[in-house]
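The values are calculated or read from the model by the stated rules, or taken from the named source; none is laboratory data. Not measured: the values here are computed from a predicted model. When we count neighbours, we look across all protein chains shown, and the Cβ atoms used for this are built from the backbone with ideal geometry, even at glycine. Heads up: the accessible areas ignore ligands, DNA and RNA and are worked out on the full protein's heavy atoms, side chains in. Shrake-Rupley method; radii C 1.70, N 1.55, O 1.52, S 1.80 Å.
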Amino acid sequence: MDYDNFFAGRVDALKAEGRYRVFADLERKAGDFPSAKSHQGTGVKDITVWCSNDYLGMGQNPLVTAAMHRALDESGAGAGGTRNISGTNHYHVLLEQELASLHKKEAGLIFTSGYVANHTTLGTLGSMLPDGVIVSDSNNHNSMIAGIRHSQAEKKIFKHNDMADLEAKLNDISPGRPIVIAFESVYSMDGDIAPIKDILDLADKYNALTFIDEVHAVGLYGAEGAGVAERDGLMDRIDIIQGTLAKGFGVVGGYIAGSASLCDFIRSYGDGFIFSSSMPPPVAAGALESVRYVREHSELRDHHQERAATLKRRLTEGGIPVMPSVTHIVPVLVGDPVLCKQASDDLLYNHGIYVQPINYPTVPRGTERLRFTPTPQHDDLLMDQLVDAMKSVWHQLGLKEAA
């Protein structure tokens, strides 16, 4: 077999469909978010980033970067091993304590990424709960799907946010079998929210564990930024809360929070935790400082929500087809993979605006979109520039306008 020819052919197939992904070669400017330098094509160009998951700009917060500098001077660049073999730094312990406090749980456990946190936790639960079943929302993130598959446990997929279908799936499971219901709070491509209370009521009825992915909500919702479950007063009813340190908190890493026995169980049996090198101490120190800061500054969340609402309104008034969203996610429908990429390229090269095209398989075919994530740092002037650019691109490409 000609392996290279096979690899190239598969990539060419993606290009022909218009869904080949191209990295945006960016250089972030410390202290000047959301500005960045683009190294695309020839030369270097100043641009504005409109699709960052650093939702509050905490990756640029001077207190966070200062904490990372201090930890680098104190502890060096790397942790030196896995958590079990010389790789547990005091910053790891402090960060886990802070995350447990944030979510009002007995314990926390950090991972190298949110993906690893989901994959490891769900994979370990599914593989070790005797005769267990995982019941998963159809729109769950790839990391959750992969962890469930890896577990080889029986799985049932319920229609997205459909409580009648969820109960039907639960009712089909023999009484007494262990059940885990896995779902997200904020679904990041559409910007909708799970009916958390209804899911928890069904979990109580069928004696199921609940696993919520709050990756796109931690830092952004709730009095202290613990997520949608905190905002809705439901956090105490959820068994396992999973989150990230890479989005609302602006650094990198993932975690779970739950009972002491649950976290100890995953720590002791989860391959993705046991066999991964530890998070570098400067990263843990930066994340710790960010979590502490965000908990104390609710005005960040208020401003963030205002910016998202304002952008939705401004784009809609300009005839741009904003998809329904009840969160900070601002998806704009294009509906064609080639045109979606073209719109993204035109915005970047002709208007200095970077927003990534979102195509299949991240979203269903025919719903290709541009996904905007305004932050507190995106001021009215930047919004003026964006709306004008979008109207120009929409006209130039002949894209469908809002009804």
**Study point:** Search result, residues across region 198-235 that are over 22 Å from SER113 (Cβ atoms), among the charged types (D, E, K, R), out of contact with any Leu (no Cβ under 8 Å at 6 or more places or on another chain) and touching a residue at least 60 places away in the same chain (Cβ under 8 Å)
**Key:** GLU230
Review point. Does at least one position in region 24-36 carry a residue that is in contact with a Gly (Cβ under 7 Å, 6 or more places away or on another chain), surrounded by fewer than 16 Cβ atoms within 10 Å (Cβ to Cβ) and more than 20 Å from ASP379 (Cα to Cα)?
Key: no
**Study point:** Residues that are touching a helix residue (DSSP H, G or I) at 6+ places or on another chain (Cβ under 7 Å) and either surrounded by fewer than 17 Cβ atoms within 10 Å (Cβ to Cβ) or closer than 11 Å to ARG83 by Cα (or both), drawn from region 272-285
**Key:** PHE273, SER276, SER278, MET279
Review point. Out of (1) open to solvent by 20 Å² or more (accessible area, probe 1.4 Å); (2) under 30 Å from ARG231 (Cα atoms); (3) out of contact with any Pro (no Cβ under 7 Å at 6 or more places or on another chain); (4) assigned to a helix (DSSP H, G or I), what's the single condition that is false for LEU315?
Key: (1)
Exercise for review: Output the residue which, of all residues in region 325-356 that are open to solvent by 20 Å² or more (accessible area, probe 1.4 Å) and not in a helix (DSSP H, G or I), is nearest to THR42 (Cα to Cα).
Suggested key: TYR354
Check your understanding: For VAL64, all conditions in the list (1) closer than 30 Å to LEU381 by Cβ; (2) open to solvent by 20 Å² or more (accessible area, probe 1.4 Å); (3) assigned to a helix (DSSP H, G or I) hold save one; what is the number of the exception?
Key -> (2)
Review point. Can we say ARG295 is of a type in the set (D, E, K, R), part of a helix (DSSP H, G or I), more than 28 Å from ILE145 (Cα to Cα) and open to solvent by less than 50 Å² (accessible area, probe 1.4 Å)?
Key: yes
Practice item. Would you please name the residue that is nearest to the chain's Cα centre (by Cα), looking only at residues in region 135-151 that are more than 11 Å from THR121 (Cα to Cα) and among the β-branched types (Val, Ile, Thr)? Key: ILE145
Check your understanding: Which one of these is within 23 Å of GLU306 (Cα to Cα), modelled with pLDDT of 95 or more and either of a type in the set (D, E, K, R) or open to solvent by 20 Å² or more (accessible area, probe 1.4 Å) (or both): ASN89, ASN84, ASN53?
Key -> ASN53
Review point. Can you name every residue in region 298-307 that is under 15 Å from GLY191 (Cβ atoms) and either in contact with a Phe, Trp or Tyr (Cβ under 9 Å, 6 or more places away or on another chain) or open to solvent by 20 Å² or more (accessible area, probe 1.4 Å) (or both)?
Key: HIS304, GLN305
Check your understanding: Of all residues in region 71-93 being among the β-branched types (Val, Ile, Thr) and out of contact with any strand residue (DSSP E or B) (no Cβ under 8 Å at 6 or more places or on another chain), which is farthest from ALA257 (Cα to Cα)?
Key -> ILE85
Point to revise | Within region 244-292, considering residues that are touching an Asp or Glu at 6+ places or on another chain (Cβ under 8 Å) and part of a helix (DSSP H, G or I), the one nearest to HIS92 (Cα to Cα) | key: PRO281
Check your understanding: When the residues of region 357-366 are filtered to those that are open to solvent by less than 40 Å² (accessible area, probe 1.4 Å) and in a loop (DSSP other than H, G, I, E, B), which remaining residue is nearest to PRO34 (Cα to Cα)?
Key -> ASN359
